[in-house]
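Where a number appears in this text, it was derived from the coordinates with a stated rule and is not lab data. This is a predicted model, so every value here is computed, not measured. Cβ placement follows ideal geometry from the backbone for every residue including glycine, while neighbour counts extend to all protein chains displayed.
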Amino acid sequence: MTAYSSATTRPASPTKSSNWALIVDDHPLFCDALELTLRSVTEYTDVRTANSLSGALDEIERSAPPDLVLLDLNLPDVSGLDGLLRLRRQAGGAHVVIVTSVTDNAVISGAIAAGASGFVPKHSRRETFRDAIAAINAGQVYTPSGFVAGEAAAAETENLRRLRSLTKQQARILELVCAGKLNKQIAYDLSIAETTVKAHVTAIMRKLGVQSRTQAVLVAHEASFTSPLPKDE
């Protein structure tokens with residue numbers, strides 16, 4: 001039985017002229033199989049692939065944002081929900097569906113809170129992908145059968161929602177803050193004024209609902225912004 005959460009219905013993305021889909025996965029055989037599956041259950045004829053987050057971001061930068069992205073959470077250059085957050089900022093209104101073998105309830109909840117349009121276990125049947133994409137196109141947020149949102153993850157989920165509100169520049173600055181860099185170093189790295197960095201840090205703390213840089217770093221780590229997920233088997 002198809003499972004999706006009508007309680008988290010989102011409006012469908014506006015129709016775009018790009019009309020292409022992107023698969024982001026570093027396993028060549030699975031990436032090929034997923035491309036065949038996507039072509040067979042959707043009308044996409046332009047399906048592109050990337051084996052890293054940086055490759056995916058570069059592909060999107062060269063083109064109009066895709067309509068659909070299928071994203072593995074564990075990639076060579078990023079692991080965890082940070083990749084999802086960064087991809088959503090770059091891909092605009094594209095639907096991003098997580099396709100991974102990590103199916104823990106907390107990970108699914110976190111992915112949905114971070115803006116994923118759906119979550120499909122990696123080795124699902126072709127029909128599951130068809131049902132998931134149909135549900136997402138209808139404005140639903142698709143979750144796998146058996147998923148139960150836990151109240152224990154409420155604080156982390158709220159933190160992820162707040163992290164989603166950061167702009168690209170603010171997210172980059174938060175990454176550098178998490179790396180322990182001072183405002184002067186961040187200004188040098190990003191070629192901006194130190195006063196601009198200070199303004200961004202203030203805005204970041206306000207959006208995250210914290211009073212200090214240390215608290216902002218804790219929120220980022222607790223929300224898996226920089227923490228890795230378990231590796232796929």
ask   = Considering region 45-66 alone, what residues qualify as being of a type in the set (Asp, Glu) and over 14 Å from Leu87 (Cβ atoms)?
value = Asp46
request  = Check whether at least one residue in region 130-147 is out of contact with any strand residue (DSSP E or B) (no Cβ under 6 Å at 6 or more places or on another chain), within 30 Å of Val217 (Cα to Cα) and not β-branched (Val, Ile, Thr), and report yes or no.
outcome  = yes
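Consider region 92-118. How many of its residues are of a type outside the set (S, T, N, Q) and farther than 13 Å from Ala149 by Cβ? Steps first, please.
The initial filter retains those residues of region 92-118 that are of a type outside the set (S, T, N, Q), namely 92-99, 102, 104, 106-108, 110-116, 118.
Now narrow it down to the ones that are farther than 13 Å from Ala149 by Cβ: 92-99, 102, 114-116, 118.
The qualifying residues number 13.
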